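Accompanying notes for the structure given below.
The values are calculated or read from the model by the stated rules, or taken from the named source; none is laboratory data. If you're wondering where the values come from, they're calculated on a predicted model, not measured in any experiment. For neighbour counting, all protein chains shown are included, and Cβ atoms are generated from backbone atoms with ideal geometry for every residue, glycine included.
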Amino acid sequence: MAGKTLFDKIWDKHVVDEIDGGPSVLYIDRHLVHEVTSPQAFAGIEKRGISLFRPENTVATPDHNVPTIDQHLSIKDELSRFQVNKLTENCEKHGVTLYGLNHPYHGIVHVIGPELGITQPGLTMVCGDSHTSTHGAFGSVAFGIGTSEVEMVMATQCILQPKPKKMLISVDGELSKGVTAKDVVLYIIAKISASGGTGYFIEYAGSTITSLSMEGRMTVCNMSIESGARGGLIAPDETTFAYIKGREFAPKGADFDLAVERWKLLKSDEDAVFDEELHFDAADIEPMITYGTNPGMGAKIKDEIPAVDEIDKSTRESYKKSLAYMGFEAGSPIAGRKVDYVFVGSCTNGRIEDLREVAQFVKGKRKAEHVTAWLVPGSKQVEEQAHKEGITEILEAAGFKLRQPGCSACLAMNDDKVPEGMLAVATSNRNFEGRQGPGSRTMLASPLTAAASAVTGEVTDPRSLL
Amino acid sequence: MSSEKFKTLESPAVPLPIENVDTDQIIPARFLKATTREGFGENLFRDWRFDKSGAPKEDFVLNKNTYTGKILVAGKNFGSGSSREHAAWAIHDYGFKVVVSSFFADIFKNNALNNGLLPVQVSDSFLLTLFKAIESNSDTQIKVDLEAQLISIVASGESESFEINPYKKECLLNGYDDIDYLLRMKEKIVQFEKSRS
């Protein structure tokens, strides 16, 4: 019999029951909740007259809708305030731990899970948010769900879910200077397209991946959904264990050592069979950026936007529509375009390492006058750490200001909206039409590229300034 | 959760021959602030449908009187992006019962099925046939038979079968609810928890 993949091992251990010809009944270890996709689910269980089955395995935080300045004041936007208050009310009523605004543990749900040690290897984790795949960086099976599914988990700690196929993506070799985890994942998505991963759960492997820090691994797993994949995971190793050790909800002392022994077994067998296997070479990866309106439309910053005749005939109309929205010419160089906004933050790149990278780069440099830059920490802890390390001062000296934690301009549910027609270089995960505000135009890139572009005021390959 | 039943539907269709229609287009994030499931249809395809001042954009298909019906026929990779179930709610709330495409994003597909909105995945070539038929005659009746798992163009008889998970099919045909199903399993779930500890 063929060996098992890491994904199979974790999934199979959580199957409570199989429905004939149907989905599995999958047990969920950790449920993360935020204000936007939960109110209808709370209302649903109330309507059924039931309570949360395992509130102790549920953690909530408001992130999508919160302002990133003046968080000590009441939220100005009435609808946002109502939704955030509703989350507080629901958590109080149903006994769910809430890290609300101004709590030292507040932040983007996918940033606080790992930093609090809630995210651990071998667990199943869900959240009503597609970037739940972030937690896969720890060797957990983590994926985004809809609100009806949120209600399922609230009611029974289980979810009905068809088992996805398995894909192995291995990347080997050393990344060259100026090339980061974000470039790796943008490269992968550009190769397999925004739908190439649909139906799959990805395992990332290879020396390039295992050389990444936990922050870098989270960036890679975070964007799995942008290839259409339900999630992505990486086998846990010493880097993982070292990151988890000592965190608030991580096992302590002898329990931690025992847990590590268990976690060490979490890897795909040598002879495991994947439905699809792809291999990439780190030497081919250079700083990447997107030029279109889905994350699969990415290229090397030094290259040109592909000419129309390089695009598959069946998708040319969509391609042209996308470039028309961006106001870009096919065949024109990517670098050198004037940038109006720079956004560093989100569950993709809002962690301390990202801010360190930006600070290190901009130290002694100056933000271009015409660029509006939003630097948004992923959590209160990241914000505090940035203050402690002197990152805040370095940023301020270079003309940048650190805001307060939240999803912010990634999806522009709050006031952090890129105005119509403006071009933003963003470290977030989606470049869809209007994603950062109606009519906004987004180019996705690494924090390093975002920092370089903020300094020069145009789309810039960071290597030219290293 | 919907307990609405779905068996067959015969209706003209609305064509949206655009690929990679993401959930931010279906319902932009700024309209996700409601705490109930109703009313999202108003803002379905908001930024394609209305200009800044809120006036309908005449060239967008939902604003043309030519096309009506309960079936939305869309380009490849429909529903990509965010997990927001609001996208399925918006389409359903607007009045669609079926979305046809040659490829659906996973989470959208689940969300649709959980709300009595049937995603029908057809081949690229049949999708093209559908677009041609609808565009040449906007009254073209399309029939979707869930029991037989068949989608057909009524006048020409051209048809194609489609896949659906047998469990989900049963749920839709009978208006069953996943949560009721899971709640009936409570004892088994408790047993499972005990067996792990």
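Data overview
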{"read-out": "Residues located in region A:14-25, provided they are surrounded by fewer than 23 Cβ atoms within 10 Å (Cβ to Cβ) and either at the interface with chain B (Cβ under 8 Å from one of its Cβ atoms) or of a type in the set (A, V, I, L, M, F, W, C) (or both)", "value": "A:Val15, A:Val16, A:Asp17, A:Ile19, A:Asp20, A:Gly21, A:Gly22, A:Pro23"}
{"read-out": "Residue list for region A:196-237, filter: of a type in the set (Ser, Thr, Tyr) and either modelled with pLDDT under 95 or surrounded by 24 or more Cβ atoms within 10 Å (Cβ to Cβ) (or both)", "value": "A:Tyr200, A:Tyr204, A:Thr208, A:Thr219, A:Ser224, A:Ser227"}
{"read-out": "Residue tally, condition within 20 Å of B:Leu32 (Cα to Cα) and either touching a residue at least 24 places away in the same chain (Cβ under 8 Å) or surrounded by 17 or more Cβ atoms within 10 Å (Cβ to Cβ) (or both), over region B:52-104", "value": "19"}
{"read-out": "Residues within region A:40-53 that are surrounded by fewer than 18 Cβ atoms within 10 Å (Cβ to Cβ) and either within 10 Å of chain B (Cβ to nearest Cβ) or over 12 Å from A:Thr156 (Cβ atoms) (or both), tallied", "value": "6"}
{"read-out": "Per-region count, region B:155-169, residues within 11 Å of chain A (Cβ to nearest Cβ) and surrounded by 16 or more Cβ atoms within 10 Å (Cβ to Cβ)", "value": "5"}
{"read-out": "Test: residue in region A:349-361 that is closer than 18 Å to A:Gly216 by Cα and either at pLDDT below 95 or not in a helix (DSSP H, G or I) (or both)", "value": "yes"}
{"read-out": "Single residue of region B:35-69 satisfying the filter (under 19 Å from B:Phe108 (Cβ atoms), in a loop (DSSP other than H, G, I, E, B) and hydrophobic (A, V, I, L, M, F, W, C)) that is farthest from the other protein chains (Cβ to nearest Cβ)", "value": "B:Leu44"}
{"read-out": "Residue identified as among the aliphatic types (A, V, I, L, M) and touching a strand residue (DSSP E or B) at 6+ places or on another chain (Cβ under 6 Å) among B:Ala13, B:Ala55, B:Ala34", "value": "B:Ala13"}
{"read-out": "Enumerated strands (runs of 3 or more DSSP E) restricted to region A:149-247, each holding at least 1 residues that are over 20 Å from B:Ser80 (Cα atoms) and within 13 Å of chain B (Cβ to nearest Cβ)", "value": "A:158-161"}
{"read-out": "Odd one out for B:Leu173 among (1) more than 17 Å from B:Thr8 (Cα to Cα); (2) in a helix (DSSP H, G or I)", "value": "(1)"}
{"read-out": "Restricting region A:366-402 to residues that are of a type in the set (Lys, Arg) and crowded, with 20+ Cβ neighbours inside 10 Å, the residue that is farthest from B:Gly81 (Cα to Cα)", "value": "A:Lys367"}
{"read-out": "Filter result for the condition that a residue is within 14 Å of another protein chain (Cβ to nearest Cβ), of a type in the set (Val, Ile, Thr), crowded, with 22+ Cβ neighbours inside 10 Å and assigned to a helix (DSSP H, G or I), over B:Ile107, B:Ile189", "value": "B:Ile107"}
{"read-out": "Set A:Ala299, A:Ala250: member being closer than 28 Å to A:Asp12 by Cβ and either out of contact with any Asp or Glu (no Cβ under 8 Å at 6 or more places or on another chain) or not in a loop (DSSP other than H, G, I, E, B) (or both)", "value": "A:Ala250"}
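Conditions (1) more than 9 Å from chain B (Cβ to nearest Cβ); (2) under 23 Å from A:Ala142 (Cβ atoms); (3) free of Cβ contacts under 8 Å to residues at least 24 places away in the same chain; (4) not in a helix (DSSP H, G or I), marked per residue:
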position	(1), (2), (3), (4)
A:Leu73	yes, no, yes, yes
A:Leu79	no, no, yes, no
A:Gly113	yes, yes, no, no
A:Ile118	yes, yes, no, yes
